[in-house]
Amino acid sequence: MNGRDRECRTHRTAATRETVPKGVVCLNRVGIWERGNGVFDGVKRVLERREDSAVLLRGSHPADFREGKLDLLCIAPSAQGWAGAGAVDCRMLLLPGGLGPLARGLRCACAVSYGTSPKDTLTFSSLEGDQICVALQRELVTLPGGVVEQQEWVLPFPVGSDPMDYLAAVGVLLILGLPPEPA
């Protein structure tokens, strides 16, 4: 699989690692490491409706993210194959809370956890039918530099979806500085 197969451009201009002319928007590079498509598809649907959001990359193994530095790497609950993960370079890491100790082996400036533990930064306090209550346990600094204060959101939840994939997608959106509502 080459980079073009994994990449979903959600903006008309290409993101590059080179210097860009004044007035050209530099997009965040976001990698989603998962076996399925739950997190990637949830984030992609939101980003496609925006013109200035991110370059979204999908991969099923750390080797898929070796090229260039990522602004955000989201490790989905379904991610497997940690061999070579230390070669991935990212500014921010979003990962399941149970994998926190493994973050020490990754090259990232900071890590944000999600899951069902009270220690996780992003969790959900209830899930009932077609609604989920997502809780941000502590303030979060976004990639654009904003701060999201500790709070809860009651969000629509697609019945039959995986709540952990949904939570990871919400985390990606929050870190990008976007409203936390995957489609």
How large is ³J(HN,Hα), in whole Hz, for each residue of segment 158-166 in order, when computed from phi with the Karplus curve 6.51 cos²θ - 1.76 cosθ + 1.60 and θ = phi - 60°, using x for Gly and Pro?
x, 4, x, 7, 7, x, 6, 4, 4
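Please arrange Arg29, Arg138 by how many other C-beta atoms lie within 10 Å of their C-beta, fewest to most.
Values: Arg29 22, Arg138 11.
Placing the least packed residue first, the sequence is Arg138, Arg29.
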Treating only the Cα positions of segment 58-136 as identical point scatterers, give the base-10 log of I(q)/I(0) from the Debye formula at each q in 0.12, 0.22, 0.26 Å⁻¹.
-0.37, -0.99, -1.24
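So, counting K/R as plus one and D/E as minus one, what does the shell of residues with Cβ under 13 Å around Val154 add up to?
On the way: positive: none; negative: Glu128, Asp130, Glu152, Glu181.
Summing Lys/Arg as +1 and Asp/Glu as -1 gives -4.
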Using alpha-carbon pairs under 8 Å, 6+ residues apart, how would you state the relative contact order of segment 113-183 in percent?
27
Got a sec? How would Ile32, Ile132, Ile75 order by Cβ neighbour count within 10 Å, fewest to most?
Ile132, Ile75, Ile32
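Any read-out appearing in this document is the output of simple, stated calculations on the displayed coordinates, not a laboratory observation. Here the structure is a predicted model, which means the values were calculated and not measured. Note that each Cβ is placed from the backbone with ideal geometry, even for glycine, and that neighbours are counted across all protein chains shown.
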